[in-house]
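K.L.:
There's a structure below that I have some questions on.
The values are calculated or read from the model by the stated rules, or taken from the named source; none is laboratory data. For clarity, every value in this text was computed on a predicted model and none was experimentally measured. Note: ideal-geometry Cβ built from the backbone for every residue, glycine included; neighbour counts use all protein chains shown. SASA here: full protein model, heavy atoms, side chains in, ligands and nucleic acids out. Shrake-Rupley method; radii C 1.70, N 1.55, O 1.52, S 1.80 Å.
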Amino acid sequence: MRLSVGTSSPPTGSFALIMAVSASAISFAAYSIALQPRRSASERGEDVEVYTKGTERNEKIISSAPHLFRIRPWGFANRHFASLLAQVRVSPFRGQWGKSVTRRVEHLTTPAGYDIEVEFVEPKNAGDDGVPIVIILHGINGCSREPYVEQAALHIAVEKGWRAVILNYAKMQILHEQLCSLGGHSILDGGDLNYLISYIRKDHGGFLAAVGFSMGGAKLVQYLIRTREHCNLDAACTISSPLDFTTKNDTVHKPEGLIPRAYHFIITASLKLWIVKNFRTLRKHPKVSVSKPFRRTASGLLWWIQANRVTDIDSAITIHTKGYADLGSYYNEATGLGRLRDHLHIPFLCVTAKNDPFVPNEILPGHGEAEANENIFVVNTKIGSHIGYWLPGRGCWATKGCLSFFDSVVSVVSSVVSD
């Protein structure tokens, strides 16, 4: 089933630091483009494409989530500027909303010996233990202090009165010397998420959902694939997440043009900093220690100079820590949309913008994925960029839509149980 919505809408991790430096060089040009007078929604003609299987339950979920399916998305017109703002805008916690919540950080040790950092954002007047909980997964090299993550946490804690739990998977630390891995930087590393969900479920019998931004969404999909009918979540959502890493994804494998290459350069530079920080730990891995970044030779030095793409990092380190023979095998395994539609057992929402610079239109999910599994809801928008569904004073359209979807799932499932 495909819907087209046309009603008008009502009236700081390391990556962020690098993006901030880049912003200083292009700010004037970006602002001149992005801050041009914007036409009204009806004049622009943006719409929301919705794909889902036409079952009675799905019809009820759609009708009960008006924000997602009836209100047009918002955001700045220039997609690169909108994507940049997701990383470098002022923390929303500095506003009035930030004063009405509490933040606390906990460290959990997994059975495998990993130390994971989790941040809780809760209303100061949080109710009983039955209050819904939403887990947030940030993008590559992000953390709980990214503006888009903080905005999502505030929507959850302030607007909904729920609890937000942010998994800082990029800060994973290895406690045992015999264990060495890229940890949360690999798309396939979902064990930390699995442990966190199980940890929460021990004391929480209420509604539990998760939302993943960008690569965090890809990690969430991996969790759903592995757990299948044993999944401990009640619903899940991905926002601006590339779910196909095969050669069809030109953004990953064949970045062309100055701006796409600049994106790769910035992300790779951030990953290089992470490698330097964890150099001694990574070198303990027998296969990683002989890879190019760790060689004290001319070829090793050349790698540090020439490696300017994410694929360079994955081919030099990630595939070795995960035991893959080549880059193609790793990316094929990380592409989970096909397997997801065969094994998904909970309502799942995928929100992506057609002007996302990181997600080519050729790999956008659509009618085929939705028809294959009644639990899949696909929402493709004309604007929104990469986590760029944001405007000052209005917040994040995608996060609001995701929470509207979760609300609808709760009400529909409750009505089915009561009947």
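K.L.:
Could you please give the count of residues in region 355-378 that are farther than 18 Å from Val409 by Cβ and polar (S, T, N, Q)?
P.N.:
Summing the residues that are farther than 18 Å from Val409 by Cβ and polar (S, T, N, Q) in region 355-378 gives 2.
K.L.:
Would you confirm whether or not region 345-357 contains a residue that is in contact with a Cys (Cβ under 9 Å, 6 or more places away or on another chain) and open to solvent by 30 Å² or more (accessible area, probe 1.4 Å)?
P.N.:
Yes.
K.L.:
Checking Arg280 against (1) surrounded by fewer than 18 Cβ atoms within 10 Å (Cβ to Cβ); (2) in contact with a helix residue (DSSP H, G or I) (Cβ under 6 Å, 6 or more places away or on another chain); (3) assigned to a helix (DSSP H, G or I); (4) modelled with pLDDT under 85, only one condition comes out false. Which one?
P.N.:
Tallying (1) surrounded by fewer than 18 Cβ atoms within 10 Å (Cβ to Cβ); (2) in contact with a helix residue (DSSP H, G or I) (Cβ under 6 Å, 6 or more places away or on another chain); (3) assigned to a helix (DSSP H, G or I); (4) modelled with pLDDT under 85, Arg280 fails exactly one: (2).
K.L.:
Which one of these does Val50 not meet: (1) farther than 26 Å from Tyr169 by Cα; (2) in a loop (DSSP other than H, G, I, E, B)?
P.N.:
So Val50 meets the others, but not (2).
K.L.:
With the requirement that a residue be under 24 Å from Leu84 (Cα atoms) and open to solvent by 10 Å² or more (accessible area, probe 1.4 Å), what does region 97-140 give you?
P.N.:
Trp97, Gly98, Ile140
K.L.:
Which of the helices (runs of 4 or more DSSP H) found entirely inside region 148-261 contain at least 2 residues meeting this: modelled with pLDDT of 90 or more and open to solvent by less than 10 Å² (accessible area, probe 1.4 Å)?
P.N.:
Passing ranges, in order: 191-201, 215-227.
K.L.:
Scan region 263-270 and tell me whether some residue there is more than 30 Å from Ala372 (Cβ to Cβ) and touching an Asp or Glu at 6+ places or on another chain (Cβ under 7 Å).
P.N.:
Yes, because at least one residue in region 263-270 is more than 30 Å from Ala372 (Cβ to Cβ) and touching an Asp or Glu at 6+ places or on another chain (Cβ under 7 Å).
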